[in-house]
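The values are calculated or read from the model by the stated rules, or taken from the named source; none is laboratory data. Every value quoted in this text rests on a predicted model; they were computed, and no experiment measured them. Don't worry about glycine lacking a Cβ; one is built from the backbone with ideal geometry, like all the others, and counts go over all protein chains shown. Remember, those area values only see protein heavy atoms, side chains included, never the ligands or the DNA or RNA. Shrake-Rupley method; radii C 1.70, N 1.55, O 1.52, S 1.80 Å.
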Amino acid sequence: MELLQTSYFALFVIICLGFIIGNIKIKGVSLDISAIIFVALVFGHFGVVMPGILEKVGLILFIYTIGVQAGPGFFDSFQKHGRSLALLATVVILSATVMAFALSRAFGLDMPIVTGLLTGALTSTPGLAAAIETTNSPLVSIGYGVAYPFGVIGVILFAKFYPKLIRADIKKAEKDYEKSSEEGFPEITHVNLKVENENIFGKTVGNLRVRTMTQAVISRVMHDGHATTPNNKTVLSKGDLVRAVGTKDALDKITLLIGSPTDEKIPLDAGYEVQSILVTNTEVVNKALSVFNLWTNYQATVTRIRRSGIDITPTPSIKLQMGDKIMVACSRENMKQVIRIFGNNDRKLSDTDFFPVAAGIVLGILFGKMSLSFGGSFSFSLGLTGGVLAVSMILARLGRTGPIIWSMSGAANQLLRQLGLMLFLASVGTKAGATLVSTYQSYGAQLFVVGAILTLFPMIMAVVAAYFMKSLNVLTLLGSITGSMTSTPGLAAVDSMTDSNAAAIAYATVYPVAMVLLVICVQLLGVF
């Protein structure tokens, strides 16, 4: 059919068929968006070719959005699990390298072609470049071409079927990961207290340094039946009722300071209200809460901040992020002014400014091209994927630089990620499909078997190593394996199974470690 030779038409046919096949479930398992690559393999075999730029654009968009999503949680995750995940990446790369060396001896294969098989099995372009530079042999590219298709497909299938094989509950894994993430942010609740401590009678909230001493926030005080939002000059008298907001530990401390809990209610006056306000004004992003002088200007108190599903106790130094929800108590009239400051505009979160995306990608590409030289024989650079991933995570962590907001809304991130992934899978699949059969006919099954072993063996070793890391979540494990195998399609397969960031953060954590280790191992193999 002539239309199928038109790349843009073929692209959307592949995507449509991929989604149709991906939605088919067999015993509860489906390929989801990953099915696009299998459709593309068939189209590639029959001569359909995608422009090379589609693969690059797709890869860049997918990796950039992954980095933006994973960036804010990456640094915390690295502090918690960095050593374990780095160890897992080391197990994957070293086991693959040792197996490559053993197979070269067992099958009598030339080391350059085995080195190519290794980099193809781990779908690593930087590894391929290092192998070509070290060996100067065309056999490297042949080995890479043989192992690459199964390197892509094998990781996808492993990611899809491993949770079913061990009967892992993905929803439970998501909840466990969320619970683990919230450990540093204990649940925030409130309690009503009666002022009974004689030592504080007649003293002001400011004199008592309540927030500093207890980390709790007093959101309401009722004196002689009249409830108000307090400030530092509010005097506490015997029998007053106080509403305190904070973690369990903070509430225990303020109870010792103020007096015993009470079931008595503290209603706000008719003119006062408590409201959740969405931070959507770009002018306030990355600014400390103290900058706004809410009490001095509006007699308003922030009692809690909700960020990424977690409640955080507000402090004067805490910096606001786009999409934060802040709980504010103040008069109804002043509430309008406070809302104006922070935005509270849902539509702004769905708007996407493409300048930060384009600028971030440009910075990522430039960063990836920077090279570190270690003597005359060895140099290292992050490459396209590593550079874009590193920069996007750093920018997402910063949140804002001057007028530029680097963060993205969830909807915009998801749309760009899906678009990039579809372009990438369609391009990679057609390219691999074009040579799959001819390579098999030229080199026989032996090289394919070796390539398949080099793909599966390190993943199995990672699972064995993870058995001894009993606290490792299955989503974190899959993200670590796909990152260690430097497999973007593999991450896509995991990403389609969950709404959690666990896999993306693990992937981002181990990817640079795996890439550096693989380049070193490839250069060592080239010596033999």
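Structure values in brief
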{"item": "Single residue of Phe19, Phe43 found to be closer than 10 Å to Ala426 by Cα and either in contact (Cβ under 8 Å) with a residue 24 or more places away in the chain or within 29 Å of the chain's Cα centre (by Cα) (or both)", "result": "Phe43"}
{"item": "Residue in the range 311-342 that is modelled with the lowest pLDDT, counting only those that are among the β-branched types (Val, Ile, Thr) and in contact with a Leu (Cβ under 8 Å, 6 or more places away or on another chain)", "result": "Thr315"}
{"item": "Of all residues in the range 83-112 being buried (at least 24 other Cβ atoms within 10 Å of the Cβ) and over 11 Å from Val522 (Cα atoms), the one that is modelled with the highest pLDDT", "result": "Val92"}
{"item": "Residue in the range 343-366 that is at pLDDT 80 or above, hydroxyl-bearing (Ser, Thr, Tyr) and surrounded by fewer than 18 Cβ atoms within 10 Å (Cβ to Cβ) present", "result": "no"}
{"item": "Failed condition for Ser392, given (1) modelled with pLDDT under 85; (2) polar (S, T, N, Q); (3) under 20 Å from the mean Cα position of the chain (by Cα)", "result": "(1)"}
{"item": "The range 474-528: number of residues that are surrounded by fewer than 24 Cβ atoms within 10 Å (Cβ to Cβ), of a type in the set (S, T, N, Q) and over 13 Å from Leu118 (Cα atoms)", "result": "3"}
{"item": "Exclusive hit being farther than 25 Å from Leu294 by Cα, touching a Gly at 6+ places or on another chain (Cβ under 9 Å) and either open to solvent by 40 Å² or more (accessible area, probe 1.4 Å) or of a type in the set (Lys, Arg) (or both), set Lys265, Lys253, Lys233, Lys248", "result": "Lys253"}
{"item": "Output for the range 240-284, where each listed residue is within 41 Å of the chain's Cα centre (by Cα), part of a loop (DSSP other than H, G, I, E, B) and acidic (Asp, Glu)", "result": "Glu283"}
{"item": "The lone exception for Val284 - which of (1) out of contact with any Lys or Arg (no Cβ under 7 Å at 6 or more places or on another chain); (2) open to solvent by 40 Å² or more (accessible area, probe 1.4 Å); (3) of a type outside the set (D, E, K, R) it fails", "result": "(2)"}
{"item": "1 or more residues over 21 Å from Ala432 (Cβ atoms): qualifying helices (runs of 4 or more DSSP H) within the range 444-528", "result": "474-484, 502-525"}
{"item": "Flag for Ile453 being under 20 Å from Val146 (Cβ atoms), at pLDDT 80 or above and open to solvent by 10 Å² or more (accessible area, probe 1.4 Å)", "result": "yes"}
